[in-house]
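The values are calculated or read from the model by the stated rules, or taken from the named source; none is laboratory data. What you see is a predicted model, and the numbers here were worked out from it, not measured in a lab. In this analysis, Cβ positions are derived from the backbone assuming ideal geometry, glycine residues included, and neighbour counts consider all displayed protein chains.
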Number of protein chains: 2
Amino acid sequence: MRDRNTDLRIIRTKESIRDALVELIDEKSFEAITVKDITTRAKINRGTFYAHYQDKFDLMTKCEDEIMLEMSKIAKQNFPGVLTAFETNSPTATLFPIAVLIFEYLNEKSGFMKAVLGPKGDLSFQTRLKDFMWKTLFGNDPGALIKEQNLLVPGQYLASYIASAHIGVIQKWLDSGRKESPQEMARILSTMSINGPFFAAGLKK
Amino acid sequence: MRDRNTDLRIIRTKESIRDALVELIDEKSFEAITVKDITTRAKINRGTFYAHYQDKFDLMTKCEDEIMLEMSKIAKQNFPGVLTAFETNSPTATLFPIAVLIFEYLNEKSGFMKAVLGPKGDLSFQTRLKDFMWKTLFGNDPGALIKEQNLLVPGQYLASYIASAHIGVIQKWLDSGRKESPQEMARILSTMSINGPFFAAGLKK
DNA sequence: TATAATAATGAACAACCTGTCGTTCATTAT
DNA sequence: ATAATGAACGACAGGTTGTTCATTATTATA
């Protein structure tokens, strides 16, 4: 019985394919990349690529799914603690630790994340990431953090606002070389989301 | 001497090319669209397309540039008034009118904007739009709205936060059928940016 | 309205990319 | 040692790209 996941040839091939993808996204946009580009860079036969992936989109989706799964795990493991702490403490104190964990994970996977979230990356991933953020943090019906009746604006716009803003900051952090620590980034995001960006800009109070 | 901009044949051809582009982005992603797709849909010869544009990217860029130019005009015409009013009034009152104008323009060009900002659209346009937003609203050195010394967070992250958040809300508005009026959308964005998204969510105070 | 100007067409082209074959060869189990 | 497995390879047909050119249709203008 052979295991597709332990065959060294497969592991080597898949790794070089994914490394080539990240390298190429830095050089040209994802849409401009051809399967031939990838296989040439990865030094494998083009037919071998099709033995593992349907096309470049399948490759991209599988890379993205791995990332989403990991982030989902981080969120699910720490969300119960957040929910109970939320009763007594301020939103700052409760959401801060989870934000730090996410930034630490992004830091670890920064090569791929920078490529896929960058200006030459994959737009559909951002859409999926926004949906994911909203569902994991605020979508759990029983213990939802946000109640519809408390909203001052329609929920869908609040969701878009927060998710897009956070992804935007993550993009900037990755793109400018990750000079701030995960802790510092979590503080920056908290400041803007809790007090509002205009307050953080010194335009208020 | 004949004018390329008034020849009815050219106007007709260009219009049908751009209409075809918007239609096709609704159906498949921009990267999946071929020049052949566009010319078939526009009912013109493929050679004619190359007489007007270098390739599909050239077409997209030229469409985007027109939009950016118009938005730039709106911003430049109204910015002086905003600056003077800003000394005495609150940020709400001063930035509100300009936001309404922008939403009215987006409403007018909603077909193209929905396509290009949507999940199948063009990622590089979003990047350009963020840069544009920041430069027009906060980048004018002499009378900058935001002073570096007042910031509670690094300026680059503040810029990314606000720009991404606003574009995210615009995307949601376009994607969900533009049910709210431009005035209502301006109010929603102001509420979240001035009091903060957490306050707007009923999570604070 | 007649005419000169020129935009659009259809066809052909080489070059390239795609997805899918059957074949070869290294690895592994017996 | 050897047979079975399946990963990697080379080659194929079909489609797209960007270009060119002679021909046709449409437009602006005198």
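Figures for the structure shown
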| quantity | calculated |
| --- | --- |
| Residue that is more than 7 Å from chain A (Cβ to nearest Cβ), at pLDDT 95 or above and under 16 Å from residue A:195 (Cα atoms), where the choices are B:158, B:189, B:174 | B:189 |
| Region B:152-179 - residue that is touching a Leu at 6+ places or on another chain (Cβ under 9 Å) and hydroxyl-bearing (Ser, Thr, Tyr) and, of those, nearest to residue A:127 (Cα to Cα) | B:161 |
| Some residue of region B:193-205 being under 19 Å from the mean Cα position of the chain (by Cα), more than 8 Å from chain A (Cβ to nearest Cβ) and closer than 14 Å to residue A:152 by Cβ | no |
| Scope region B:174-202; condition in a loop (DSSP other than H, G, I, E, B) and buried (at least 20 other Cβ atoms within 10 Å of the Cβ); matching residues | B:196, B:201 |
| Selection count, region A:25-57, where residues are within 14 Å of chain B (Cβ to nearest Cβ) and either among the basic types (Lys, Arg) or more than 8 Å from DNA strand C (Cβ to nearest atom) (or both) | 8 |
| Elements of type helices (runs of 4 or more DSSP H) contained in region B:1-52, each with 1 or more residues being surrounded by 15 or more Cβ atoms within 10 Å (Cβ to Cβ), within 8 Å of DNA strand D (Cβ to nearest atom) and touching a residue at least 24 places away in the same chain (Cβ under 8 Å) | B:46-52 |
